[in-house]
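The values are calculated or read from the model by the stated rules, or taken from the named source; none is laboratory data. From a predicted model like this one, the values you see are computed outputs, not experimental measurements. Cβ: placed from backbone, ideal geometry, glycine included. Neighbour counts: every protein chain shown. For accessibility, only protein heavy atoms count, side chains too; no ligands or nucleic acids. Shrake-Rupley method; radii C 1.70, N 1.55, O 1.52, S 1.80 Å.
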Amino acid sequence: MSFLDLAKVRYSTKKYDNTKQISNEQIEELKQILRLSPSSINSQPWKFTFITNQTLKKELASQSYVNEQSINDVNLLVVFSVMENIEHFENRNLSVLPEAWIKGFYEPLIKSNGDEAVKSWLENQVYISLGFFLSACISMGLDATPMEGIDRTAYKNILKQDGYSPLFAVTVGYADAANDWAHPAVLPKSRFEMKEIIESF
Ligand SMILES: Cc1cc2nc3c(=O)[nH]c(=O)nc-3n(C[C@H](O)[C@H](O)[C@H](O)COP(=O)(O)O)c2cc1C
């Protein structure tokens, strides 16, 4: 299927088939794909936490508002977190990069705008990996749902994350298409018109 056709059929699944599980091989492939996500100057300020343990997943589900049922119905939840300590990020992630990228890009264009700007830039990198991941899932025939509707603080505590802050999570599984109100066959994709969002010169 072309990428355009995949983009037309992927959707944020609201109802999963809890009788179908994704395989360990698929889970391992998804881990490798996430590791290969691109990021600005290859900064990689992230941690991807794969949760298949049912007890832990249920605990996270209980801190996920409207997303609780979906998380309980799939066998894989991935939590995307960002590094929270800028100094540590600079010492660990930036120290291995070419000096020219730090002096010519990071310091004058990002760091010079202050800590909030750096933090926002770090989070942006994690969101890039989300787009990469969602595309990968549908290319593998897997349905997925990005979820910002989680209690980030509760997630951080449950996962005992030190130095990282959870931003969002993604469920991966197989849709119960016949019973999902969000399936594109029931709810056609809604997007602004091309002419409103794309300009060409
Ligand atoms: C960053 C992000 C966070 C989202 N959070 C949730 C969520 O918590 N729960 C949910 O059901 N859908 C969530 N969505 C799904 C969006 O509502 C959905 O992508 C949008 O309506 C477009 O529909 P589509 O993904 O089916 O094409 C989120 C999407 C993104 C990109």
**Study point:** region 3-171, relative contact order [Cα under 8 Å, separation at least 6], %
**Key:** 35
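At a Förster distance of 25 Å, what's the computed FRET efficiency of VAL9 paired with TYR65, Cβ-Cβ distance as r, to 0.05?
0.40
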Review point. Between LYS160 and GLU90, what is the spin-label point distance in nm, taking each point 7 Å from the Cα along the Cα→C-beta axis?
Key: 3.1
**Study point:** Over 30 Å between alpha carbons, listed pairs LYS119/LYS160; LYS103/LYS156; LYS8/LYS156; LYS8/LYS195; LYS14/LYS47
**Key:** LYS103/LYS156; LYS8/LYS156
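Give me the percent of the accessible area of region 52-100 that comes from carbon and sulfur atoms, probe 1.4 Å, all protein chains in place.
Using a 1.4 Å probe with all protein chains present, region 52-100 comes out at 48 percent carbon and sulfur.
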Study note, to complete from the structure: With label points set 7 Å from each Cα along the Cα-to-Cβ direction at ASN42 and ASN179, the distance between them in nm comes to 4.8
Review point. Across the chain, where is the longest run that never hits GluC sites (Glu not before Pro) in a DSSP loop with at most 14 other C-beta atoms within 10 Å?
Key: 1-147
Practice item. Would you rank PHE3, PHE105, PHE80, PHE192 by solvent-accessible area, highest first, keeping every protein chain in place and using a 1.4 Å probe? Key: PHE192, PHE3, PHE105, PHE80
Practice item. Return the sequence-ordered ³J(HN,Hα) values of region 33-47 in whole Hz as given by the Karplus equation 6.51 cos²θ - 1.76 cosθ + 1.60 applied to θ = phi - 60°, using x for Gly and Pro. Key: 5, 4, 4, 8, 4, x, 8, 4, 6, 6, 6, 6, x, 9, 9
Practice item. Specify the residue with the greatest mean-square fluctuation among LYS47, LYS14, LYS111, computed from a Gaussian network of the chain linking alpha-carbon atoms under 10 Å apart. Key: LYS111
Revision key, fill the gap. Highest GNM mean-square fluctuation among ASN67, ASN91, ASN179, for the chain with Cα springs under 10 Å, belongs to ASN91
Revision key, fill the gap. For the pair ARG191 and ILE128, the simple spin-label estimate (label points 7 Å beyond Cα toward Cβ) gives in nm 2.1
Practice item. Write down the accessible area per residue of the chain in Å², having rolled a 1.4 Å probe over the full set of protein chains. Key: 57
